[in-house]
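Accompanying notes for the structure given below.
Where a number appears in this text, it was derived from the coordinates with a stated rule and is not lab data. What you are looking at is a predicted structure, and each value in this text was computed from that prediction instead of being measured. As a convention, Cβ positions derive from the backbone with ideal geometry for all residues, glycine included, and neighbour counts pool all protein chains shown.
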Amino acid sequence: MSELLSYGRQSIDDTDVEAVVRVLRSDFLTSGPEVEAFEREFADFVAAKHAIAVCNATAALHLAMLVAGVEEGDRVITSPITFLASANCAAYVGARPDFCDIDALSYNVDPGKLKTEWRDDTKAVVAVDYAGQAADMPAVAEIARERGAVVIEDASHAVGGKFTHCGKIWQIGGHPWADITVFSFHPVKTMTTGEGGMLVTDNEEFAVRARLLRNHGIERDPARFSGADLGSQTSEHGSWYYEMQELGYNYRITDLQCALGRSQLKRVPDFVQRRREIVARYNSAFADLAYVTTPQLRHPGDAAHTSWHLYTLQIDFAALRQNRAQVMAELRERGVGTQVLYIPVHLQPWYRQTYGYTAGQFPIAEGFYSRCLSIPLYPSLTDNDVEGVIKAVREVVA
Ligand SMILES: *Cc1c(COP(=O)(O)O)cnc(C)c1O
């Protein structure tokens, strides 16, 4: 291998390029027909009623907090093993981000611990589907709903994923245990729009409000006007008329991006199929390595349904007598890029300073962090690339 393989990257083909070029030559560059079509197609794909496309998943998480009614003084609970945005969204609305330790097998929030961490003012839970494996959503929902909280699933890693529950297969985004599901279309994720995100819900009220807040709180539908007098007769209201009903944001996504999204969405079944093939190959190639733990599924049968955004190994660096930086450097010399996903959020300086978090509070997450290393996983890896990665990993960590 000559060039460095990164841990993740986009797959763009000629149909994707043509889709974007077609929009460049059209009447709308933003907030036009591509956005609506992408939303409809995505909602159908995940079997949800409403999909609201926004400029990134962080914005979608912020909107999720707002429509869920999370406010100053509330608490929101999430996993420490996630990208910052799953917790930051709570801070955006003045709520306190709380954490629940992960389960050592799936690296997702442990429902048993969720009960212990729950407080009276916990208003929402953000369950993260780490690496693409669904969090135990039925268990999370049971705990949250009994306590009147909103269930948000951060499925940024899990576009196209499904999971088994009670002998049935459920689509992430379309199952009944999340009130809101959020997806990311950042280039390292399963499909991309450059930057982009989607908020998915079956709740009509949440959907209407998320659309409003995406665009400055502007309402243009006469059926939803407040009736306030804005200095013109109601009978005069033309298509130019609008009301700002609450303080919203510019979280819009462009038609250019949504054209790419529509094209990429068609390719998702192939993307996840290829990801599963590579995961299966890695799993068997690393099964005999003494200091390495390969990703495990809560339901082994979900190997056929999981969309796998990341392939994260747990490596016992102490037993190997090499630290992670050395292992990463040696893999890099062999053309294999790796990444540490994630530094537990509560250990970040801002979280320590603002909320008083300290090391040792979430020991399973911190143990996972000390051992994790994500190796290249994306659909355009060739079989040769995959064998190269395997050879390099076996040389370095055997
Ligand atoms: C990537 C990611 C996000 C943020 O997505 P953006 O689209 O970059 O804002 C949020 N949560 C998780 C778990 C992610 O991996």
Can you give the FRET efficiency to the nearest 0.05 for residue 343 and residue 296, using r as the Cβ-Cβ distance and R₀ = 25 Å? 0.70
FRET efficiency estimate (nearest 0.05) - Cβ-Cβ, residue 44 to residue 324, R0 30 angstrom: 0.10
With a/c under 1.5 counting as rounded, go ahead and sort region 126-220 into rounded, prolate or oblate using the C-alpha gyration tensor (a ≥ b ≥ c being the square roots of the eigenvalues; past the cut-off, prolate if a/b is larger than b/c, else oblate). oblate
Separation in nanometres of the label points that stand 7 Å from Cα toward Cβ, at residue 394 and residue 4: 2.5 nm
Work the Kirkwood hydrodynamic radius out for region 292-398: mean of 1/r over every pair of different alpha-carbon atoms, inverted, in Å. 15.6 Å
So for 24, 310, fewest C-beta neighbours within 10 Å to most, what's the order? 24, 310
Given a Förster distance of 45 Å, the FRET efficiency implied by the Cβ-Cβ spacing of residue 204 and residue 280, rounded to the nearest 0.05, works out to 0.65
If I model region 335-387 as equal point scatterers sitting on the Cα atoms and use the Debye formula, what is log10 I(q)/I(0) at q = 0.15, 0.24, 0.26 Å⁻¹? -0.57, -0.90, -0.98
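Can you tell me the mean projection area, over all orientations, of the convex hull of region 229-377's alpha carbons? Units nm², please.
Quarter of the Cα hull surface area: 16.7 nm².
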As straight-line cross-link partners of residue 113, the qualifying lysines (C-alpha separation under 17 Å, not fewer than 8 residues apart within one chain) are 123
Quick one: compute a quarter of the convex hull surface over the Cα atoms of the chain and quote it in nm². 21.4 nm²
In degrees, nearest 10, the alpha-carbon axis of helix 204-214 is tilted away from the dominant principal axis of the alpha carbons of the chain by 90 degrees
Return the sequence-ordered ³J(HN,Hα) values of region 266-276 in whole Hz as given by the Karplus equation 6.51 cos²θ - 1.76 cosθ + 1.60 applied to θ = phi - 60°, using x for Gly and Pro. 5, 8, 4, x, 5, 4, 6, 4, 5, 4, 5
Taking neighbour counts of Cβ atoms within 10 Å as a proxy for exposure, in what order, fewest first, do 172, 343 appear? 343, 172
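Give, rounded to the nearest 20 debye, the magnitude of the charge dipole that the chain has about its Cα centre when Lys and Arg contribute +1 at Cβ and Asp and Glu contribute -1 at Cβ.
860 debye
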Using θ = phi - 60° and the Karplus curve 6.51 cos²θ - 1.76 cosθ + 1.60, what whole-Hz ³J(HN,Hα) does each residue of region 63-78 get, with Gly and Pro shown as x? 4, 4, 4, 5, 6, 6, x, 6, 9, 2, x, 7, 10, 10, 10, 9
Within region 29-96, list the GluC sites (Glu not before Pro) lying in a DSSP loop whose Cβ has at most 15 other Cβ atoms in a 10 Å radius. 71, 72
Residue-span extension gain [residue 221 to residue 270] - 0.36 nm each, minus C-alpha spacing: 13.7 nm
Per q in 0.09, 0.19 Å⁻¹, report the Debye log10 I(q)/I(0) for region 30-177, using one uniform scatterer on each alpha carbon and no solvent. -0.27, -1.19
Total charge dipole magnitude, region 103-261, about the Cα centre, Cβ charges on Lys, Arg, Asp, Glu only, Debye to nearest 20: 320 debye
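For residue 247 and residue 84, compute 0.36 nm times the residue count separating them, minus their Cα-Cα distance, and round to one decimal in nm.
The span from residue 247 to residue 84 would gain 56.2 nm if fully extended.
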To one decimal place, what orientation-averaged projected area in nm² is obtained for the convex hull of the Cα set of region 240-321? 11.0 nm²
How big is the charge dipole of region 260-398 about its Cα centre, in debye rounded to the nearest 20, if each Lys and Arg gets +1 on its Cβ and each Asp and Glu gets -1 on its Cβ? 360 debye
If one takes the longest principal axis of the Cα atoms in the chain, at what angle in degrees, from 0 to 90 and to the nearest 10, does the Cα axis of helix 137-146 lie? 50 degrees
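From the alpha carbon gyration tensor of region 1-71, can you work out the equivalent ellipsoid semi-axes (sqrt of 5 times each eigenvalue) and give them in Å, largest to smallest?
That gives 28, 22, 13 Å for the three semi-axes.
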Any idea what angle helix 33-46 forms with the longest principal axis of the chain, computed on alpha-carbon atoms, 0 to 90 degrees, nearest 10? 50 degrees
Given the DSSP H assignment, sum -39500 (n - 2.57) over each helix run of at least 4 residues in the chain and divide by its residue total; what's the result at 222 nm in deg cm²/dmol, nearest 500? -11500 deg cm²/dmol
